[in-house]
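Let me begin by presenting the structure, written as structure tokens, before commenting on it.
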Amino acid sequence: MKYISYRRGYKYQLAKTFTVTVKIFPFTVIDVGFISLTTDGFLTIREGYASDGPSGPTMDTPSSIRGAFVHDALYQLLRLGFLPQGFRKDCDQAAYELWTEDGMWVWRARLWRRELNNFGSPAADPKNIKRVYIAPRKGFLA
């Protein structure tokens with residue numbers, strides 16, 4: 001092959017596989033790429049997973065990073081159709097719980113969760129899967 005395929009828009013990359021329990025219970029085990037979610041809520045994000053970190057007009061802080069990785073992974077499962085869209089607010093809640101556990105001010109975490117609840121649906125929409133770009137050729141693939 002004389003070209004590469006890549007996606008844009010990531011700031012962080014997981015250096016070590018991470019597992020956390022979330023209150024999201026799919027009917028079957030999901031295991032796709034860098035993400036797996038068991039029927040009892042064990043979410044594993046594997047080494048190498050890329051995240052854009054906290055979104056919006058905000059500062060990335062130590063208390064926001066873990067929740068952002070989990071939220072990005074869960075929304076990716078929504079976009080790919082592995083989780084039904086009805087789980088979206090549960091994904092927002094999972095991030096909220098990690099943010100507060102990690103020391104984020106509760107008012108800030110509540111504000112973020114509210115904004116995600118109100119405006120997060122486009123990020124979970126399957127129409128918004130990140131484009132694949134080609135180099136050195138110009139353009140992108142689906």
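Considering only Gly41, Gly33, Gly81, the Gaussian network model of the chain with Cα springs below 10 Å gives its largest mean-square fluctuation to Gly33. In region 14-142, a dipole from Cβ-located charges (positive for Lys and Arg, negative for Asp and Glu) runs towards its positive end, and of Ala68, Ala135, Gly56 it is Ala135 whose Cα lies farthest in that direction. For the residues Trp107, Trp99, a 1.4 Å probe over the protein chains yields an accessible-area ranking, largest first, of Trp107, Trp99. Cross-link partners for Lys89 among the lysines, with Cα-Cα distance under 29 Å and sequence neighbours closer than 8 places in the same chain left out: Lys11, Lys16, Lys23, Lys127, Lys130. A cut-off under 13 angstrom between Cβ atoms defines the neighbours of Ile65, and their net charge, with Lys, Arg +1 and Asp, Glu -1, is -3.
The figure for Ser55 is an accessible area of roughly 80 square angstrom, using a 1.4 Å probe on the protein chains alone. GNM, the chain, Cα, under 10 Å: largest mean-square fluctuation among Pro84, Pro26, Pro122? Result for the chain, Cα springs under 10 Å: Pro122 fluctuates most. Sparsely packed loop sites in region 53-142 (the trypsin sites (Lys or Arg not before Pro) outside DSSP H, G, I, E and B with at most 11 other Cβ atoms within 10 Å) comprise Arg137, Lys138. With each label modelled as a point 7 angstrom along the Cα→C-beta vector, the Lys130-Gln13 pair spans 1.1 nm. Largest accessible area first, the residues Ile65, Ile45, Ile129 order themselves as Ile129, Ile65, Ile45 under a 1.4 Å probe with ligands, DNA and RNA left out.
Rg and Dmax of the chain, based on Cα coordinates, read 15.5, 51 Å. The distance separating the Cα centre of region 84-102 from that of region 57-81 comes to 9 Å.
Label sites at Ser5 and Met59, each approximated as a point 7 angstrom past Cα along Cα to Cβ, lie 4.0 nm apart.
The values are calculated or read from the model by the stated rules, or taken from the named source; none is laboratory data. All values derive from a computational prediction rather than experimental measurement. Neighbour counts are summed over all protein chains in view; Cβ atoms, including those assigned to glycine, are modelled from backbone coordinates with ideal geometry. Surface accessibility is based on the protein's heavy atoms, side chains included, excluding ligands, DNA and RNA. Shrake-Rupley method; radii C 1.70, N 1.55, O 1.52, S 1.80 Å.
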